[in-house]
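Asks: First the structure, which I've put down as structure tokens, then a few questions once you've had a look.
The values are calculated or read from the model by the stated rules, or taken from the named source; none is laboratory data. Source: prediction; values computed, not measured. Cβ placement follows ideal geometry from the backbone for every residue including glycine, while neighbour counts extend to all protein chains displayed. All accessible areas refer to the heavy atoms of the entire protein, side chains included, with ligands and DNA or RNA removed. Shrake-Rupley method; radii C 1.70, N 1.55, O 1.52, S 1.80 Å.
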Amino acid sequence: MSSGRQPVAVRGVVRGRVQGVGFRDTTELTARGLGLSGWVRNLDDGSVALHAEGPERELDQLVAFLKVGPPAARVDGLELEPAVVEGFEHFAVRGIGSGSFVVQEHLATRRHFDLRLEVGGVMRSWAVPAGPSLDPAIRREAIEVADHTRLDAGFEGAIPNGGVIIWDRGSYERTGLVPWPEALDRGVAEFLLNGEKLRGAFTLSRKAGRGMRSRWSLAKAPDEQARPGSDVVADQPRSVVSGRTLDELLETP
Ligand code: MN
């Protein structure tokens with residue numbers, strides 16, 4: 001039935017001496033060179049996991065590479081199974097930080113939170129009035145605001161008529177089917193946060209408008225880090241830098 005040009009997908013694991021020998025990066029280069037899409041990731045047990053999709057002939061060529069790997073590798077086992085074609089538009093290395101993120105709690109005219117993700121050397125920013133949530137049933141309004149510099153995103157302290165605390169920070173990883181920053185341009189950005197309070201997969205989806213003041217929704221994906229019924233903003237109000245709440249900072253600047 002297969003025409004050979006219909007995309008097919010495989011997913012699996014490569015075992016052996018496959019980390020620290022350029023296996024992951026060579027797999028990425030090979031897959032991209034073949035026009036395949038998907039992802040490759042080093043696992044904690046020393047193996048390499050991957051998902052690849054595209055035309056059958058090119059997929060067979062990738063599998064031929066995976067059986068051997070780059071010169072310093074030694075492949076002891078290749079376990080690949082047919083998988084669902086998910087519609088990836090690029091081939092990406094997973095499990096590597098894409099940059100820093102920060103969530104600041106900010107009192108200016110109104111009290112709100114600012115989510116900032118490092119993209120292309122600046123911190124793309126969204127004001128989230130109610131703050132983020134770890135409950136996947138909750139969608140929080142997020143208004144895109146002006147980019148910040150990385151320096152501004154590290155600020156905590158008093159400002160005229162207000163203050164800022166660093167409510168959470170860490171690194172993040174871009175996921176999803178579409179490469180960044182195009183994912184942001186199209187209005188659906190999926191990412192994994194690796195912070196002290198916020199962990200796991202989140203999605204930003206644009207609802208209305210373009211550019212500054214566009215309205216998005218921020219939601220936790222239902223994964224192992226989701227906490228249904230929780231209220232992380234109320235339960236963990238303190239700065240991850242100073243241990244102060246924003247109220248404490250405002251009282252004793
Ligand atoms: Mn703000």
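Asks: Mean separation of Cα pairs under 8 Å and 6+ residues apart, divided by the residue count of region 99-153: what relative contact order is that in percent?
Replies: 30
Asks: Another question, if that's okay. Carbon and sulfur together cover what percent of the accessible area of the chain at a 1.4 Å probe radius?
Replies: With neighbouring chains kept in place, the figure for the chain is 51 percent.
Asks: I would also like to ask the following. Could you give the accessible area per residue of the chain, probe 1.4 Å, as a whole number in Å²?
Replies: Value for the chain: 50 Å² per residue.
Asks: By how many degrees, between 0 and 90 and to the nearest 10, does the Cα long axis of helix 23-33 differ from the longest principal axis of the chain?
Replies: 80
Asks: Something else: Quick one: net charge of residue 104's neighbours, Cβ under 12 Å, K/R +1, D/E -1?
Replies: Result for the neighbourhood of residue 104: -2.
Asks: Give a residue-ordered list of calculated ³J(HN,Hα) values for region 38-45 (Karplus: 6.51 cos²θ - 1.76 cosθ + 1.60, θ = phi - 60°; whole Hz; x for Gly, Pro).
Replies: x, 7, 9, 8, 6, 9, 5, 8
Asks: Restricting to Cα pairs below 8 Å that are 6+ residues apart, what does the relative contact order work out to for the chain? Please round to a whole percent.
Replies: 17 percent.
Asks: Here is a further query. How far, in degrees from 0 to 90, does helix 56-66 lean away from the longest principal axis of the Cα atoms of the chain, to the nearest 10?
Replies: 90
Asks: Would you grab the residues whose amide H sits under 5 Å from the one on residue 156? Only those 5+ places off in sequence or on another chain, please, with H modelled 1.01 Å from N.
Replies: Hits under the 5 Å cutoff: none.
Asks: Using DSSP, restrict attention to beta bridges with both residues in the chain and report what percent are antiparallel, rounded to the nearest 5.
Replies: Around 95 percent antiparallel, to the nearest 5.
Asks: Something else about it: Could you pull out every one of the lysines with an alpha carbon less than 18 Å from that of residue 207, ignoring same-chain neighbours closer than 8 positions?
Replies: 220
Asks: Sticking with this one: Between region 71-141 and region 183-227, what's the alpha-carbon centroid distance in Å?
Replies: 7
Asks: Using only the Cα atoms of region 13-91, construct the convex hull and provide its projected area averaged over every direction, in square nanometres to one decimal.
Replies: 4.7
Asks: Got a sec to turn the phi values of region 197-206 into Karplus ³J(HN,Hα) couplings, 6.51 cos²θ - 1.76 cosθ + 1.60 with θ = phi - 60°, whole Hz, x for Gly and Pro?
Replies: Going residue by residue, I get 10, 9, 9, x, 7, 9, 10, 10, 10, 7 Hz, with x marking Gly and Pro.
Asks: Might you report the magnitude of the Cβ-based charge dipole of the chain about its Cα centre, with Lys and Arg at +1 and Asp and Glu at -1, to the nearest 20 debye?
Replies: With Lys and Arg at +1 and Asp and Glu at -1, about 380 debye.
Asks: Please report, in debye to the nearest 20, how large the charge dipole of region 8-93 is about its Cα centre when each Lys and Arg carries +1 at its beta carbon and each Asp and Glu carries -1 there.
Replies: The dipole of region 8-93 has a size of about 320 debye.
Asks: By per-residue mean of other Cβ atoms within 10 Å, what is the highest-first order of 160-173, 135-148?
Replies: Descending packing order for the listed peptides: 160-173, 135-148.
Asks: On to the next question. Which cross-chain or sequence-distant (5 or more) residues have an amide H under 5 Å from the amide H of residue 8, H modelled 1.01 Å from N in plane?
Replies: Amide H neighbours of residue 8, under 5 Å, 5+ apart: 54, 56.
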